[in-house]
Amino acid sequence: MSKRKLLVPESRAAMDELKARVSGTLDPKEAKYEVAKEQGIPLQRGYNGKLTSEQAGKVGGSIGGNMVKELVRMAQENMSKK
């Protein structure tokens, strides 16, 4: 679970669901491991001090970028219905 605070704390469950959906997992806690595995990055549970900043950024950036793309797609779909 993220340590970052959401503007609307009640949205945590929906954001976790979105994270899981865009990463292709059922559990949002597994999303970063799935993305790292797909990109060949040796992310493990626990200490990952040997990862480069570039590797860590690829994992987080990929997840966040895909979440933003999906939110934009959902908003466009919602606007076209009105």
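Nothing in this text is a laboratory measurement; each read-out follows from the coordinates by a stated rule. Because the structure is predicted, anything quoted here is derived from the model rather than measured. When we count neighbours, we look across all protein chains shown, and the Cβ atoms used for this are built from the backbone with ideal geometry, even at glycine.
Using only the C-alpha atoms of the chain, find the volume of their convex hull and express it per residue in Å³.
Numbers: hull volume 9.3 nm³, N = 82.
With only Cα atoms used, the chain gives 114 Å³ per residue.
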The range 23-82: GluC sites (Glu not before Pro) falling in loop per DSSP and having at most 16 other Cβ within 10 Å | none
³J(HN,Hα) computed for each position of the range 41-53 - Karplus, 6.51 cos²θ - 1.76 cosθ + 1.60, integer Hz, glycine/proline x | 9, x, 7, 10, 5, x, 6, 10, x, 8, 6, 7, 4
Determine the alpha carbon to alpha carbon distance for each of Lys5/Lys29; Lys19/Lys82; Lys19/Lys69; Lys5/Lys37; Lys37/Lys58 and list only those over 19 Å.
-> Lys19/Lys82; Lys5/Lys37
